[in-house]
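Undergrad: Questions regarding the structure given below will be posed in turn.
What follows is calculated from the coordinates using simple rules that are stated; it is not laboratory data. Note that this is a predicted model, so its numbers are computed, not measured. Note: ideal-geometry Cβ built from the backbone for every residue, glycine included; neighbour counts use all protein chains shown.
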Amino acid sequence: MEEKKLTWKQLPQGDVLEAGTSLKFKTGNWRSIKPVHIPEKCINCLICWMACPDMAVKTKDDKFSHFDYDFCKGCGICAHECPTEAIKMEKEGK
Amino acid sequence: MPTLKDLSKREERFVSGHRLCPGCGAAIVVKLVLSAIEKPVVVGCATGCLEVASTIFPFSSWTSPFIHSAFENVAATMSGVEPAYRSLKKQGKMDKDIVFVAFGGDGGTYDIGLQSLSGAAERGHKIIYICYNNQAYMNTGIQRSGATPKGASTSTSPAGKVIPGKVQFQKDLTEIMVAHEVPYVATSIIGRWNDLVSKVEKASKTDGFSFINVLSPCRLGWPHDPVLTLEITRVAADTCVWPVYEVVNGKYKITYKPKEKKPITEWLKMQGRFAHLLKPENESLLKSIQDEVDRKWEILLKKSE
């Protein structure tokens, strides 16, 4: 993603920033391998949710929901920590 | 003690889009620490990887009030914010119960920020100080810090013909904080989320200063395969290189005792910075590190009796 520089007129007054604006900066293009969820093996322990440094494992109603590929950097911790091997890492662009 | 399911339903206080390396331990530290606290939080952060990667203007990964400090003064900043809040509360201008959390790396805690940390601890501010300890100045290019272990190769203590990596042992900051006689001091690892979460919960209910030293792997500086970020900390605990314990009002308790204490080579072989230690010519150095780890572990066992 291209980073747009703000002009001085657009800069916020003082040094107070809006919260959580990094959601506009997608880091998914850092990835060379991606995690793929295998629902049949998943026991919804949410260890992957805990282990993800990029908050890219999304949950819904106490269950694994999906990977947010806009932000997943492909580190592979989730697949390594998964106790039931319900996540496998695949090459991007396969 | 909340379950992962409970934690996952809590407000996300550190969001995606930060620019920490893939597999960085610091992001996991922040996620676990902030989700362990149910009350509203105010966060202060010393300069370091975490701060430069999460607050690149105009982006911020923080959704709770966040104050950016210089390298040396996050504890001093929070020492101002916390009494201001207490005063507002006393005047009846605020009724929220707020928890104050300070994050610093090992550089901003062990070395540059030590005086402000010591002052805040001595004055007894109600702050949780979290040191995410990656054992060197990773942000500026992996220079040695007071937290870098003996024998580790860094850019300012490179292993070669002159020295075999860092010559000194690391500073024992946890014990320095215990000596401040603050109500809660602990070490933790991100590889055991329940350990870290329960300690942060305890700290947030402590009336006074609390300090938690969390081992946070750096895939770039240690370097290690990023998938091992959590596992490597469990090995650190199993080899007693990083003992996991807490000190509540001066009383020691080891919160994770390995069933079988592993030799330190298990921990060293996972990381590039220690590769030279496993060569035959460094056998005596390796033994001196093992002896020191054993000595410290024995002392800790005695203290926790």
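Undergrad: Under 20 °C and 1.002 mPa s, how fast does the stretch B:227-298 diffuse according to Stokes-Einstein, given a Kirkwood radius computed over C-alpha pairs? Answer in µm²/s, whole number.
TA: On the way: Rh = 13.3 Å.
D, rounded to a whole number, is 162 µm²/s.
Undergrad: Also: Kirkwood hydrodynamic radius, computed over distinct alpha-carbon pairs, for the protein assembly as shown: how many Å, to one decimal?
TA: 21.8
Undergrad: Report, to the nearest 10°, how far helix B:114-123 tilts away from the longest principal axis of the Cα atoms in chain B, using its own Cα long axis and a range of 0 to 90°.
TA: 50
Undergrad: May I ask for the angle, rounded to the nearest 10°, between helix B:74-90 and the longest principal axis of chain B, with both axes built from Cα atoms and the value confined to 0 to 90°?
TA: So the helix axis and the longest Cα principal axis differ by about 20 degrees.
Undergrad: Sum -39500 (n - 2.57) across every DSSP H segment of at least 4 residues in chain B, then divide by the residue count to get the 222 nm mean residue ellipticity, nearest 500.
TA: Value at 222 nm, helices only, nearest 500: -10500 deg cm²/dmol.
Undergrad: Pick out, in residue order, every one of the GluC sites (Glu not before Pro) in the stretch A:1-69 that is DSSP loop and has at most 15 other C-beta atoms within 10 Å; say none if there are none.
TA: Taking the stretch A:1-69 and a limit of 15 other Cβ atoms within 10 Å, the loop GluC sites (Glu not before Pro) found are A:Glu2, A:Glu3, A:Glu18.
Undergrad: Which aspartates and glutamates have a Cα less than 13 Å from the Cα of B:Lys126, not counting those fewer than 8 places away in the same chain?
TA: Qualifying aspartates and glutamates at Cα under 13 Å: B:Glu82, B:Asp97, B:Asp207.
Undergrad: Give me the tail of P(r) for the stretch B:138-197 as a percent: Cα-Cα pairs with distance above 19 Å.
TA: Value for the stretch B:138-197: 51 percent of Cα pairs lie more than 19 Å apart.
Undergrad: Taking R0 as 35 Å, what FRET efficiency do you get between A:Val16 and B:Thr140 from their Cβ-Cβ distance, rounded to the nearest 0.05?
TA: 0.80
Undergrad: Using only C-alpha atoms and all pairs of different ones, pull out the Kirkwood radius for the stretch B:4-303 in Å with one decimal.
TA: 19.5 Å is the Kirkwood radius here.
Undergrad: Let me ask something else. Between B:Leu300 and B:Glu11, what FRET efficiency comes out of the Förster formula 1/(1 + (r/R0)^6) with R0 = 51 Å and r the beta carbon distance, rounded to 0.05?
TA: 0.90
Undergrad: Would you compute, for the Cα atoms of the stretch B:71-138, the largest minus smallest coordinate along each principal axis and list the three values in descending order, in whole Å?
TA: In descending order, the Cα extents are 44, 18, 15 Å.
Undergrad: Oh, and also: Quick one: angle between helix B:283-303 and the longest Cα principal axis of chain B, in degrees between 0 and 90, rounded to 10, please.
TA: In chain B, helix B:283-303 runs at an angle near 40 degrees to the longest axis.
Undergrad: Hey, fewest Cβ within 10 Å first, where do A:Lys9, A:Lys34, A:Lys63 land in order?
TA: Details: A:Lys9 5, A:Lys34 20, A:Lys63 12.
Fewest to most other Cβ atoms nearby, the residues stand as A:Lys9, A:Lys63, A:Lys34.
Undergrad: Further question on the same structure: Restricting to Cα pairs below 8 Å that are 6+ residues apart, what does the relative contact order work out to for the stretch B:4-303? Please round to a whole percent.
TA: Relative CO of the stretch B:4-303 lands at 16 percent.
Undergrad: Moving on. Which entries of A:Lys26/B:Lys269; B:Lys205/B:Lys257; B:Lys199/B:Lys259; A:Lys73/B:Lys199; B:Lys31/B:Lys269; B:Lys96/B:Lys251 have Cα-Cα distances beyond 23 Å here?
TA: The answer is A:Lys26/B:Lys269; B:Lys205/B:Lys257; A:Lys73/B:Lys199; B:Lys31/B:Lys269; B:Lys96/B:Lys251.
Undergrad: Based on the Cα coordinates of the stretch A:27-91, what is the per residue volume of their convex hull in Å³? List each step's numbers first, then the result.
TA: Working: hull volume 4.5 nm³, N = 65.
Per-residue hull volume (Cα only) is 69 Å³.
Undergrad: Still on this model: Dividing the convex hull volume of the Cα atoms of the stretch B:1-97 by its residue count, what figure in Å³ per residue is obtained?
TA: Convex hull of Cα atoms, per residue: 123 Å³.
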